[in-house]
Amino acid sequence: MKIVRELAAKTMTAIDPIVILSFLILVSAIASNLTSYKVIQIFGTEASLGTFTMPIILMLLNPIAEVYGKNRSNQILFATCLAEIIFAVSFSALSQSQRDCSLMALAGERSHCEALNSSYILISEHIVRGSVSFALGCLIGSQFNTRFLLYLKTLWSSRFYFIRDIFSSIVGEVVYTAICFMIAFYGVFPFATIVKIFAFSLVFKFSSTVILSWISQYIVQLLYRYQAWLEPAPSSKKVKFSSRYLQV
């Protein structure tokens with residue numbers, strides 16, 4: 001049992017949940033940017049495919065703000081936005097070096113190659129603009145989200161995280177979506193299409209926030225347990241003696 005406990009302690013020390021959450025936030029941001037300009041039809045209205053990954057970011061970011069505070073959350077957010085922009089610029093640069101499809105012997109391979117080249121060009125035309133709009137919208141929207149979350153925390157003495165997470169996420173999503181969509185989609189899609197995408201995005205994010213808040217609450221509990229695990233156990237108790245209790 002002692003060996004098992006020591007192995008568990010080493011594993012818990014080596015695996016930092018902040019690193020894991022930061023990586024998942026970055027993956028969600030990149031996936032959202034890559035698919036944001038893909039418009040699909042759902043229930044008779046237009047929707048951006050990137051909408052379906054965006055609520056994951058606040059689901060992972062809010063527990064960090066709840067447990068570690070606003071400064072740590074902002075550090076991860078700035079790093080994510082910077083890394084996402086670097087990825088977008090790199091992707092756009094790599095997309096310029098296309099394969100020469102005329103060298104392929106089979107017609108099927110040539111058509112597949114040409115389709116890949118076209119998709120790379122289409123994504124690279126908007127990916128940098130999408131990453132900048134994401135960064136601005138997410139930085140501003142997340143500030144509203146985090147401040148409102150921690151403000152409610154001071155009012156309710158750290159209770160009702162589930163409710164606080166829903167309210168703050170709704171505020172953050174509205175601000176983020178308004179800023180990001182207008183910068184990313186203005187001039188790319190007709191204004192009526194942008195309004196439809198915006199409306200569907202808000203409806204989806206509001207409904208998914210209620211579901212994802214249960215997962216977010218569970219992540220908060222895991223982070224608090226991780227903190228408690230890392231705290232060193234007191235080696236000895238200090239006992240104070242008073243002379244009036246001593247009898248000769």
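Points worth noting:
- Karplus-based coupling profile of region 56-67, in residue order and whole Hz: 5, 5, 5, 4, 8, 7, 4, x, 5, 5, 5, 8, with θ = phi - 60° in 6.51 cos²θ - 1.76 cosθ + 1.60 and x standing for Gly or Pro.
- Simple spin-label estimate for Ile42 and Ala178 in nanometres, 7 Å along Cα-Cβ: 2.2
- Label point distance in nm, Phe160-Ala79, each placed 7 Å from Cα along Cα→Cβ: 3.3
- Computed from the C-beta positions of Tyr68 and Ile211, the FRET efficiency with R₀ = 41 Å rounds to 0.95.
- In region 136-189, trypsin sites (Lys or Arg not before Pro) in a DSSP loop with at most 16 other beta-carbon atoms within 10 Å: Arg159
- Protection proxy ranking for 66-73, 186-193, using the average of other Cβ atoms within 10 Å per residue and placing the highest first: 66-73, 186-193.
- Maximal additional length on extending the Ile86-Val27 stretch stands at 19.9 nm, based on 0.36 nm per residue less the C-alpha distance.
- Taking 0.36 nm per residue of separation and subtracting the current Cα-Cα distance, fully stretching the chain between Val203 and Arg225 would add 4.5 nm.
- Cα gyration tensor shape of region 126-229, rounded if a/c is under 1.5, else prolate or oblate by comparing a/b with b/c: prolate
- Approximating the spin labels as points 7 Å out from Cα along Cα→Cβ, the Phe191-to-Ala93 distance works out to 3.9 nm.
- Checking the Cα-Cα distances for Lys70/Lys205; Lys70/Lys196; Lys38/Lys153 against a 27 Å cut-off, the pairs over it are Lys70/Lys196; Lys38/Lys153.
No lab work stands behind these numbers, since they all come straight from the coordinates. Owing to the predicted nature of the structure, the values given are computational and were not obtained by experimental measurement. When we count neighbours, we look across all protein chains shown, and the Cβ atoms used for this are built from the backbone with ideal geometry, even at glycine.
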